[in-house]
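To start, the structure under review is shown below, and the notes come after it.
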Amino acid sequence: MPEGLAETLQWQYLEKMLLIRRFEETVVKLANDGHFRGHYHLYIGQEGTGVPGILALEPKDRLATTHRNHGHVLARGADPGAGLAEILGRATGLNGGRGGTIHLCDPALGFLSTSGVVGGCISLAVGGGYACAQRRDGSVTMALFGDGALEEGVSFEALNIASLWRLPVIFLCENNSAGAMGMAKGGYPTLVHASTDLLLIPRSLGISSVRVDGVDVAAVHAAATQAIAHCRSGQGPVFIEAMTPRWAGSDPLWPELATGITDLRMATGELGTDGPHEQWYDCYDPVLRLAREMAKGGAESVRRIFALDETARKRIADAAEFALASPLPAPETALDHVFAQEASA
Ligand SMILES: Cc1ncc(C[n+]2csc(CCOP(=O)(O)OP(=O)(O)O)c2C)c(N)n1
Ligand SMILES: [Mg+2]
């Protein structure tokens with residue numbers, strides 16, 4: 001078991017992480033089978049950060065995140081069926097089929113927004129933090145964003161304001177550049193920054209900052225709970241840099257299941273690991289890493305791991321069935337939710 005983490009919390013994390021993993025594996029299949037078009041991003045490899053980070057929040061708290069959002073939204077408790085339906089652009093989707101994969105969001109759960117505008121969620125979260133401070137109810141706002149967001153000018157301005165006004169905002173940066181090819185080698189874009197130590201940025205603005213192993217749920221849990229307590233007590237924002245080595249499937253411009261469908265027997269010792277992704281299976285896959293720790297509890301723990309997985313697979317299979325059977329939005333609703341409409345003559 002990861003040291004210092006209550007067992008009930010570990011099972012809760014594993015359950016969510018498995019749900020996210022089976023969801024993402026299904027998204028790849030739906031894309032490959034032609035059920036939706038356009039670019040998309042997977043959260044595989046970052047579950048060890050988003051799950052403990054988001055589960056540390058309370059219902060009254062807010063959050064805003066990025067294009068790599070499926071895991072964030074599920075971690076917060078969104079319905080996977082409505083999530084998949086949104087990705088397929090269906091009327092039953094979380095956002096009526098208007099948002100799609102990149103803007104998947106559940107406002108009813110305190111999700112302010114997710115967005116493909118890199119860095120945008122940092123400024124939105126600062127606005128959320130300002131609202132929390134005005135409410136004086138001890139609530140906080142969390143932003144989850146990639147390391148690339150720190151290239152954006154708005155990030156510096158938003159961090160500066162959050163620090164000056166001591167706003168209750170947790171900036172949770174998921175740094176997945178380790179192992180990434182980057183554009184120069186024909187891969188997915190990654191960080192291009194003059195600073196090699198990203199924590200120098202919040203530190204230069206007087207923001208309390210910490211770096212953690214983003215694959216280690218206990219480390220993320222500890223950092224997130226401490227940061228939230230710091231914010232709730234009015235001491236201002238906190239910046240966490242979680243190191244989440246990039247999953248090989250997120251390296252090409254189009255995602256692919258590079259490491260295959262996750263096989264939990266790799267965590268219980270029933271199946272060996274080898275080949276080009278051996279290091280991923282052994283060290284960097286957060287789901288396998290947590291399951292491996294839990295399996296040390298013996299036969300009953302192993303049984304429980306597989307039972308959780310069975311439930312997750314079934315929930316996602318049902319979710320996919322629901323999404324695929326759902327209708328597209330009716331053409332006459334195309335202008336619903338549009339802010340400005342041309343005045344009729
Ligand atoms: C404002 C803006 N600039 C550029 C892009 C193009 N773009 C899409 S993803 C991406 C890299 C994002 O990196 P990061 O924030 O670290 O997220 P990751 O995909 O690595 O998780 C870029 C530059 C964009 N979407 N928005
Ligand atoms: Mg990144």
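The values are calculated or read from the model by the stated rules, or taken from the named source; none is laboratory data. These numbers come from a predicted model, not from an experiment. Ideal geometry is used to build each Cβ from the backbone, glycine not excepted, and the neighbour counts take in all protein chains shown. Areas reflect the complete protein model, heavy atoms only, side chains present, ligands, DNA and RNA absent. Shrake-Rupley method; radii C 1.70, N 1.55, O 1.52, S 1.80 Å.
Relative contact order of segment 10-117, taken over Cα pairs closer than 8 Å and 6 or more residues apart, is 25 percent.
Each residue of segment 248-256 was assigned a 3J(HN,Hα) from its phi angle through the Karplus expression (A = 6.51, B = -1.76, C = 1.60, θ = phi - 60°), giving 4, x, 9, 7, x, 4, 10, x, 8 Hz with x at Gly and Pro. Considering all C-alpha pairs of segment 35-154, those separated by over 24 Å amount to 23%. Surface analysis of the chain yields an accessible area of 44 Å² per residue, using protein heavy atoms and a 1.4 Å probe. Going by Cα centres, segment 165-213 and segment 91-108 are how many Å apart? What the calculation gives is 27 Å, centre to centre.
About its Cα centre, segment 12-70 has a charge dipole of approximately 140 debye under the convention of +1 per Lys or Arg Cβ and -1 per Asp or Glu Cβ, with nothing else charged. What is the percent of Cα-Cα separations in segment 285-345 that go past 12 Å? I get 79 percent for the Cα pairs in segment 285-345 exceeding 12 Å. Across all directions, the average projected area of the convex hull around the alpha carbons of segment 87-205 is 8.9 nm². Relative to a virtual label point 7 Å from the Cα of ASP282 in the Cα→beta-carbon direction, which members of segment 197-228 show backbone nitrogen distances below 19 Å? Only 215-216 pass the distance filter. From helices alone, the chain scores -12500 deg cm²/dmol at 222 nm; the rule is -39500 (n - 2.57) for each run of n ≥ 4 DSSP H residues, then divide by the residue total. Relative contact order, whole percent, for segment 242-345 stands at 15, derived from Cα pairs under 8 Å and 6 or more residues apart.
Excluding same-chain neighbours fewer than eight residues apart, the lysines reachable from LYS296 by a Cα-Cα span under 26 Å are LYS16, LYS314. When you restrict to C-alpha pairs under 8 Å that are six or more residues apart and normalise by the size of the chain, the relative contact order lands at 22 percent. Surface composition of segment 7-330: carbon plus sulfur atoms hold 55% of the accessible area, using a 1.4 angstrom probe and ignoring ligands, DNA and RNA. Across the alpha-carbon set of segment 7-330, the Rg to Rh ratio works out to 0.95, Rh being the Kirkwood radius.
Using the Cβ-Cβ distance between LEU253 and GLU151 with R0 set to 25 Å, the FRET efficiency from 1/(1 + (r/R0)^6) comes to roughly 0.85.
Counting only Cβ charges, +1 for Lys and Arg and -1 for Asp and Glu, the dipole size of the chain around its Cα centre is about 600 debye.
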